[in-house]
Amino acid sequence: MKVYTKTGDGGTTSLIGGTRVPKFDIRVEAYGTVDELISYIGLIRSQKIDLCIIEILHQIQIKLMDIAAIIASDEKAKKTRKVTVEDINIIENEIDSYDAELEPLKYFVLPGGHSIPALCHITRCICRRAERMILRVHSETPVSQNVLTYINRLSDYFFVLARKLHKNLDVQELFWITDK
């Protein structure tokens with residue numbers, strides 16, 4: 001199979017199921033942003049971090065590929081991918097586990113201090129953008145509530161992961177302190 005098909009040279013692409021849409025279609029924007037998110041997660045995974053975190057990140061990438069496929073599917077596509085309550089529970093359990101190790105927050109966190117947690121904050125921001133794009137898709141074509149919940153919870157995961165990695169790396173978090 002060739003990487004290039006030449007079918008997109010005119011500015012359109014095919015959804016799973018065969019419907020051709022402009023490359024600026026909200027579905028394409030949404031699954032393209034999910035693809036960007038998957039790539040940044042790969043960048044985090046390539047850092048020297050705990051192997052358990054690397055495995056969770058790998059599982060998240062797989063689930064995000066499912067979400068991209070869900071978003072990229074038209075009405076004619078065979079629906080084989082899904083996000084389950086268990087998928088959401090896994091993310092929530094990780095958040096709770098990490099958060100239990102951390103000091104309660106008193107101020108807003110400023111990204112920085114170390115490149116690895118900063119990557120987590122960039123990934124969190126991309127996740128939030130993906131969520132906004134998926135919600136735009138949802139306003140036109142219903143998207144499963146589990147997909148919406150998963151992507152929302154995932155940005156929380158990357159926030160808490162950044163905090164956990166600051167602690168693991170013994171690097172001071174930076175805060176936005178407004179009373180100064």
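For the reader, a short list of remarks on this structure follows.
- Candidates Glu101, Glu131, Glu86, Glu94 - the one that is closer than 30 Å to Arg27 by Cα, acidic (Asp, Glu) and surrounded by fewer than 17 Cβ atoms within 10 Å (Cβ to Cβ): Glu86
- Subset of the range 60-83 (residues that are surrounded by fewer than 13 Cβ atoms within 10 Å (Cβ to Cβ) and part of a helix (DSSP H, G or I)): Ile62
- Total residues in the range 104-124 satisfying the condition of being of a type outside the set (D, E, K, R) and either surrounded by 15 or more Cβ atoms within 10 Å (Cβ to Cβ) or touching a Cys at 6+ places or on another chain (Cβ under 6 Å) (or both): the figure is 12.
- Within the range 22-39, being under 15 Å from the mean Cα position of the chain (by Cα) and either surrounded by 19 or more Cβ atoms within 10 Å (Cβ to Cβ) or under 14 Å from Glu131 (Cα atoms) (or both) holds for Glu29, Ala30, Tyr31, Gly32, Thr33, Val34, Asp35, Glu36, Leu37, Ile38.
- Long-range neighbours under 6 Å by Cβ, at least six apart or interchain, first residue over 21 Å from Ile70 (Cβ atoms) within the range 117-142, second assigned to a loop (DSSP other than H, G, I, E, B): Ala118/Pro111; Ala118/Gly112; His121/Pro111
- When Ile54, Ile95 are screened for being free of Cβ contacts under 8 Å to residues at least 40 places away in the same chain, assigned to a helix (DSSP H, G or I) and closer than 24 Å to Lys164 by Cβ, only Ile54 passes.
- Scanning the range 99-136 for residues that are over 16 Å from the mean Cα position of the chain (by Cα) and either assigned to a strand (DSSP E or B) or under 21 Å from Val85 (Cβ atoms) (or both) turns up Asp99, Phe108, Val109, Leu110.
- Filtered residues of the range 154-180 (kept if touching a helix residue (DSSP H, G or I) at 6+ places or on another chain (Cβ under 8 Å) and either farther than 19 Å from Pro111 by Cα or assigned to a loop (DSSP other than H, G, I, E, B) (or both)): Leu169, Val171, Gln172, Glu173
- From Thr80, Thr5, Thr13, Thr84, residue being of a type in the set (Ser, Thr, Tyr) and touching a residue at least 24 places away in the same chain (Cβ under 8 Å): Thr84
Quick note: the coordinates plus some simple rules give every number you see, no bench work behind them. Predicted model only: the values in this text are computed from it and were never measured. In this analysis, Cβ positions are derived from the backbone assuming ideal geometry, glycine residues included, and neighbour counts consider all displayed protein chains.
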